[in-house]
Structures are given as structure tokens and as C-alpha cells.
1. How big is the Kirkwood radius of the stretch 320-359, worked out from every pair of different alpha carbons and given in Å to one decimal?
2. Tell me, what ³J(HN,Hα) does each residue in the stretch 255-271 have, in order and in whole Hz, if you take phi through Karplus 6.51 cos²θ - 1.76 cosθ + 1.60 with θ = phi - 60° and put x for Gly and Pro?
3. Counting only heavy atoms of protein chains, what accessible area per residue, in Å², does the stretch 171-217 have with a probe of 1.4 Å?
4. So if we plug the beta-carbon distance of Asp317 and Asp167 into 1/(1 + (r/R0)^6) with R0 = 35 Å, what FRET efficiency do we get, rounded to 0.05?
5. Ignoring any ligand, DNA or RNA, what whole percent of the accessible area of the stretch 344-411 comes from carbon and sulfur when the probe is 1.4 angstrom?
6. Can you check how the C-alpha radius of gyration of the stretch 272-315 compares to 2.2 N^0.38 Å, as a plain ratio?
7. When only C-alpha pairs under 8 Å and at least 6 residues apart count, what is the relative contact order of the stretch 329-417, in percent?
8. Report the equivalent ellipsoid semi-axes for the stretch 244-398 in whole Å, largest first, defined as the square roots of five times the eigenvalues of the gyration tensor built from alpha carbon atoms.
Amino acid sequence: MAEASVTDDERQGMERPAGTSASAEGRRADPTVTAGPTVTAGPREDDGPDAGTDDSVSPASGAPRSGTDVAPDAPVPARGRRSRRRPLRLLAALGVLAAVGGAAAAGTQFGDRGSGSESEDSGLPPATAEVARQTLRDSLTADGELGYGTSVTATGRIPGTVTRLPDADERITRGEDLYRVDDTPVALMYGSVPAYRALREGVEGADVKQLESNLEALGYDGFTVDDDFTGGTADAVREWQEDQGLEETGVVDLGRIVFAPAAVRVDSLETEEGAATGPGQKVLSYTATAQAVTVELDTADQRLAKTGSKVTVGLPDGTSVDGRVSGITTEVVAGEGAGAEPTTQVKVLVVLDGEKAQKAAESYVLASVDVSFTAGERENVLTVPVAALVALPEGGFGVEVVEGKETRYVPVETGLFADGRVEISGDGIAVGTIVGVPG
């Protein structure tokens with residue numbers, strides 16, 4: 001890729017818009033973005049031999065000062081960030097790209113830096129940074145609540161009187177009573193399709209297959225597990241009804257079974273024994289039996305959470321366990337106060353993976369935890385502060401390479417943006433290469 005070399009004499013002859021300097025502020029990324037390892041002020045013509053070594057600027061990322069604490073090719077660890085506790089650097093980085101592109105469209109030209117300061121008179125950028133080799137991680141650490149995940153409400157379908165309710169926190173498995181109405185059971189069975197109709201001979205569908213799978217698991221036979229409710233299925237239902245103390249009709253009435261994905265834990269009771277119930281009446285709420293973490297993310301961070309992606313959960317005692325994103329929902333929350341705008345929240349459900357993780361968390365029924373998401377990672381890549389990117393007149397991005405008292409613009413390819421830095425590659429770009437950064 002072509003490189004443009006610019007000397008001091010050539011800069012003096014270049015035309016530039018009034019009030020701008022050759023540091024090309026209009027084309028360079030927003031200087032308010034925090035980025036990267038040490039940024040040092042450029043040398044001035046009247047400085048001594050130690051010029052540029054005492055004017056270091058420590059960025060918010062906390063990277064060591066260049067040339068003092070770390071060798072040029074030493075890896076620089078990338079940090080994650082916490083949601084809602086400090087500005088989102090990745091979003092700022094993307095905003096920088098928009099600002100850079102807008103400046104390029106405005107048609108600003110590389111030219112004389114003017115005489116606003118000694119660094120501008122020297123033709124050098126007001127500050128510099130070194131290209132570093134490191135691992136970049138697009139990551140976020142968010143606050144989560146350890147519990148049992150989303151609560152589901154079971155509503156009545158069969159009219160009558162509630163004669164038995166389970167205890168809060170009780171576990172109920174396949175075939176057991178969830179509650180009783182007029183001393184007859186409302187049973188729990190496993191399945192993802194909610195009960196929505198009576199099941200009898202001649203009907204077809206996924207709910208039929210679901211029922212037959214449960215009957216088979218409970219020890220009943222004489223039918224094929226498929227979508228068809230046959231005479232064999234009806235016979236198995238009659239056997240089940242006999243065991244439950246129900247009238248042996250061969251028909252499963254709507255409301256006699258509650259389907260849930262797996263065993264449930266009773267979360268709370270919505271009625272009491274002796275109360276009347278019927279269609280639409282809340283009876284109780286339940287959750288899964290395995291502990292899970294609920295995390296609220298801003299919509300801008302939704303890219304970090306993908307169903308099935310792995311996360312790390314930090315427990316109150318400092319132990320870290322593995323987790324996995326099992327579900328993502330979006331909710332609109334009404335604004336507080338008159339005229340307040342509603343906000344959108346992304347709720348992420350994280351399950352703890354494996355017995356080891358569940359055992360580590362079992363002593364914390366409800367607790368605040370840290371959840372670390374990683375959307376992208378690039379190992380052993382060359383990086384610069386995002387603010388070092390320049391929009392080139394011919395299109396694309398570059399960096400202003402500083403070589404002694406001269407600079408040249410080198411086109412670069414960009415990769416991952418994370419934590420105020422950007423992955424770059426290009427001809428002549430190597431560890432320790434000095435690039436200009438806005439002051």
C-alpha cells in the first residue's frame with residue numbers, strides 16, 4: 001500500500017482551512033477517547049536531549065509508561081469493563097470511527113500545522129504512542145443476581161376448591177402432584193409445549209407426542225410415541241387415570257396436566273388451601289431447580305450475549321465458575337416520572353455449567369455475582385490507541401508514523417476494537433513504531 005511522506009518544507013506550502021493544524025484534527029478520531037499504552041508529548045525544537053521523556057501521559061487504561069516499565073514487545077494485558085459503572089470504551093471507539101469518517105467527507109487536507117505551539121512549529125504531532133503487541137478482548141463484566149432464573153406462573157383450568165398446595169422451595173418431578181383441586185391431582189409432566197386443549201383419541205400434534213413420551217417414561221405402554229393419539233394411547237391414559245384416582249375416560253382434560261421443561265422448584269404461592277379456583281386463576285409460580293444468574297444489559301452491549309456462549313461467573317467468595325447463556329429477552333421499561341422516556345433492557349439468563357459449578361453456588365440461595373462476557377478476542381496482534389487512526393483522503397484508515405522530525409501517513413487495515421485500542425496491520429507497522437495521537 002502506498003505511503004505519503006510529508007516534510008517540514010512541504011507542509012509550509014500546503015493549503016489548509018483557517019484555524020486548523022496539520023495534525024488534521026478533523027480527520028483524526030475523537031481526542032477524548034481514552035486509549036492504549038503510554039502517550040508522550042512530541043519533542044520540541046528547543047528541548048534538551050531528554051525531551052519527550054518527562055511529559056508522559058498515563059492513560060485511563062493503566063498501561064505502563066513506554067520505555068520505562070515494559071519492553072516494546074512485552075504483552076500488554078487488555079482489561080474488561082463493568083457495565084453502568086464507567087463509560088463504555090468500545091462504544092466510544094465506534095463513535096470515533098464515525099467522527100473520523102465525517103471529517104474525511106468534509107474535505108480537510110494534510111497541511112501546515114500552524115504556529116499555535118512549539119510542537120506545531122516543529123511539524124510533529126502534539127503527542128505520540130508506540131505500536132504495541134498484545135491480546136485484545138472485547139469484554140464486559142456485569143452485575144448479576146444468582147437465583148433460579150425466570151419464574152413461571154401456573155394458572156388454574158379446572159374449577160373447584162384448592163385442597164392441597166406444595167411448600168415454597170419444594171421440588172416436584174415428572175408425574176407428581178403440582179397441586180390438588182377437589183382432592184384430585186393436577187400433575188406435572190415434562191415438555192416445551194404448554195397444555196392448551198383436551199387430548200383424546202383422534203387428535204394429532206406435538207402435545208400428543210409430549211404426553212406419550214411422559215406416559216412411556218412413567219412405565220405405561222401399548223402405544224407408539226408419535227404425534228397420533230390412538231386407541232393404544234387412550235388405554236394407557238385410562239391406566240394412568242386409575243392410578244391417580246381419576247375417572248377412567250381415556251381423555252386428558254385441559255388443566256389436568258401442567259407441562260414444564262424439567263423438574264420445577266416452587267417459588268411462591270398465589271392462593272391458599274380452601275380457596276376457590278378456576279380458569280385463569282393464579283395458583284403458584286415455579287422456577288427451574290438448577291441455580292442460574294439473571295443479568296441486565298444495556299442494548300448497546302447485547303452483542304456480547306449470544307445464546308450458548310460461555311461466560312465466567314464470579315461468586316461472592318471469589319470463586320469463579322463456568323456458565324452458559326441459555327436465554328435472552330428484551331423488555332421495555334416505562335420511564336419514571338411525568339414525560340420520562342421508556343428504556344429498553346436486555347435480560348440474559350446464565351446457567352451454571354456442571355455439578356462443580358452448581359455445588360460451588362449451592363450455599364448462595366440469592367446473591368449478587370459478577371458475570372464476565374467476551375464477544376471477541378485477538379491474540380498477539382499489533383495495536384494502537386483508537387485516537388491514532390486517521391481517515392485518508394483516498395479512503396480507508398491510516399496512522400501518522402513519526403520518524404525523527406518527519407512524519408508520513410501509512411495506510412492500515414483495522415481489526416478488533418476493544419478497551420480504547422484497535423488492532424492494525426500494514427507495511428512498515430511493527431512493535432515500537434511511533435505514531436501520532438491528538439493532544
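1. Values: mean 1/r = 0.0800 Å⁻¹.
With all distinct Cα pairs of the stretch 320-359 included, I get 12.5 Å.
2. x, 6, 10, 10, 8, 9, x, 7, 4, 10, 10, 6, 8, 7, 9, 9, 8
3. For the stretch 171-217, the solvent-accessible area averages 45 Å² per residue.
4. Numbers: r = 29 Å, r/R0 = 0.82.
After rounding, the FRET efficiency stands at 0.75.
5. Ligands and nucleic acids excluded, carbon and sulfur reach 48 percent.
6. Taking N as the residue count of the stretch 272-315, the ratio is 1.97.
7. Relative contact order for the stretch 329-417 comes out at 14 percent.
8. Equivalent ellipsoid semi-axes, largest first: 45, 23, 17 Å.
The values are calculated or read from the model by the stated rules, or taken from the named source; none is laboratory data. Predicted model, so just to flag it, every value in this text is computed and none were measured. Note: ideal-geometry Cβ built from the backbone for every residue, glycine included; neighbour counts use all protein chains shown. Accessible surface areas use protein heavy atoms only, side chains included; no ligands, DNA or RNA. Shrake-Rupley method; radii C 1.70, N 1.55, O 1.52, S 1.80 Å.
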